Amino acid sequence: MYPENLKYSTEHEWAKVDGVMATIGISHYAQDSLGDVVYVELPAEGKTVGAMDNIGVVESVKTVSTLYSPVAGEVVEVNKELQEKPALVNEDPYGKGWMLKIKMSNPADLDKLLSASDYQAQLH
Amino acid sequence: MLKRTPLYDKHLTLKAKMVPFAGWEMPIYYPQGIIAEHKAVRSSCGVFDIGHMGIIKLKGQSAKLKSAELFLNKIGTNDVAKLSDYSCQYSVICNEEGGVVDDILIYKFPDHYIVVANASNTDKVLAWFSSHAEGVEIKLLDDTSMLAIQGQQAESVVVELFGDEEIAKLKRNHCLVLGDITVSRTGYTGEDGFELFVPNKKMAELWDSIIGMKVQPCGLGARDTLRLEAGLPLYGHEYNDKTTPLEAGYSWAVKLGKEFIGRGALLKERKRKLVGIVLEEKNIPREGFKVYNGGTDPIGEVTSGTFSPSLEKPIALAYIYNRETGDKVSLEIRGKRIEGKIVSLPFIKR
């Protein structure tokens, strides 16, 4: 439920790193706590964001949650499929439910993120 | 310490997400999720543990019911004298200012009445009854709980459950006593359906039988989206001690031709009205969001909002101060104005 190859924020985002590119989504724990996701508001492509900036919202039937950027950089792509199929966040949070890709300006941000086991340990 | 209904262990077995609600530990949704539970009720049927509802029994002390009838007519807006045995009516308990103490169902039986109160208000209603009752015996029934089966298939499920065809003939707002279980044709979803009064010790077995018939268990989350689509008010949102049943659109349950607490205040009509709003974009309106009609000053405020699984659009209930402003409105959501339209209630027509 918490892939080992990802880094996690304490605000329940995950980041998958490939060189300077980081793909961002929310964790299994986050989607499970929210319940059915019905709307995801993401930043515009090209936008520059800081680490742990408020960059969007994830709305479920019951509640709304802020999306934070785990790393600083430029938003190069957002997952447009979520506009029509927000439920992908519940069905496949680490796959088709990805949210955006950031070209990192400060890869040292990754050092502040948690490993899968440390993330899981602080959930309880 | 949160209270638990007789079905608490059953919810855990079904892996429900449990939340505190009005002093109770209740399922908010099961693994299928709110939208699937909601759709099951709209397309076939679902079962809800509503064991948190307050069940209050009233008897006239001299074995005559007249004193209980007079009492219920004094504290409720609707006319209890019109109730026949084995039927129920919706009524509202108002304070002297016309604000709402609680909205209730009143059932009449040959030798007593039953009042069903909201879980969040049960203690308040009991205290209100005690301070206004004369010659009436009031008792909270804590050995009985309620269960709701709602949806188009509810009738066939409940008929099969009890093996009694009489249930199919039951009219809306009427009930049938089957031994120690009472079956009432009522609900809070906008669908046909039943609410059952069941002895606590029999509840788990009954629940297992219903789940065994492949009926979808539904939590408080779906109960809320269903009642919102049906345009039904919920205490703490559309109702509180400052709102009146007339503002909420319940004039049919307010009989101004008889005396009751709050009548004087209700004779002075207020301008605020409860309306339904459908949004064109996907942001979800939440309680407290302001409603505008172009200007900088709000014309109203959202009391409940959700994503409507049936319309696949965000919907809201809101109080509007000036209804003559047209149907086009906007809601302010995180600093942005989102366009919406006032629509007639309920959102989903049956």
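Numerical summary
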item: Any hit, the range B:127-137, residues being modelled with pLDDT under 95 and buried (at least 18 other Cβ atoms within 10 Å of the Cβ); result: yes
item: Matching residues in the range B:251-283 - criterion: being within 30 Å of A:Asp36 (Cβ to Cβ) and modelled with pLDDT of 95 or more; result: B:Leu274, B:Val275, B:Gly276, B:Ile277, B:Val278, B:Leu279
item: Residue list for the range B:267-277, restricted to those being assigned to a strand (DSSP E or B) and either farther than 18 Å from B:Glu324 by Cα or of a type outside the set (A, V, I, L, M) (or both); result: B:Lys273, B:Gly276
item: Selected residue (criterion: farthest from the other protein chains (Cβ to nearest Cβ)) from residues of the range B:295-339 that are among the β-branched types (Val, Ile, Thr) and touching a Pro at 6+ places or on another chain (Cβ under 9 Å); result: B:Thr303
item: The range B:191-233, subset of a type in the set (Gly, Ala, Ser) and under 27 Å from B:Glu166 (Cα atoms), residue farthest from the other protein chains (Cβ to nearest Cβ); result: B:Ser209
item: Yes/no for B:Ile342 being hydrophobic (A, V, I, L, M, F, W, C) and within 14 Å of chain A (Cβ to nearest Cβ); result: no
item: Residues being more than 12 Å from chain B (Cβ to nearest Cβ) and either part of a loop (DSSP other than H, G, I, E, B) or modelled with pLDDT under 95 (or both) - total across the range A:86-100; result: 8
item: Strands (runs of 3 or more DSSP E) wholly inside the range A:1-53 containing at least 1 residues that are without any contact (Cβ under 8 Å) to a residue 12 or more places away in the chain and not hydrophobic (A, V, I, L, M, F, W, C); result: A:13-18
item: Flag if B:Ser184 is surrounded by 19 or more Cβ atoms within 10 Å (Cβ to Cβ), within 26 Å of B:Tyr235 (Cα to Cα) and touching a Pro at 6+ places or on another chain (Cβ under 6 Å); result: no
item: Residue count for the range B:312-335, restricted to those that are under 24 Å from A:Ala87 (Cα atoms) and touching a residue at least 12 places away in the same chain (Cβ under 8 Å); result: 6
item: Considering residues of the range A:1-32 that are among the polar types (S, T, N, Q) and buried (at least 17 other Cβ atoms within 10 Å of the Cβ) only, the residue farthest from the chain's Cα centre (by Cα); result: A:Gln31
item: Qualifying residues in the range B:7-40 (those that are in a helix (DSSP H, G or I) and within 14 Å of chain A (Cβ to nearest Cβ)) - the one farthest from A:Val61 (Cα to Cα); result: B:Ala40
item: Among the residues listed as A:Val38, A:Val71, the single one being within 10 Å of another protein chain (Cβ to nearest Cβ) and buried (at least 21 other Cβ atoms within 10 Å of the Cβ); result: A:Val38
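The values are calculated or read from the model by the stated rules, or taken from the named source; none is laboratory data. On a predicted model such as this, the values are computed, not experimentally measured, just so you know. FYI the Cβ positions are ideal-geometry reconstructions off the backbone, even for glycines, and counts take in every protein chain you see.
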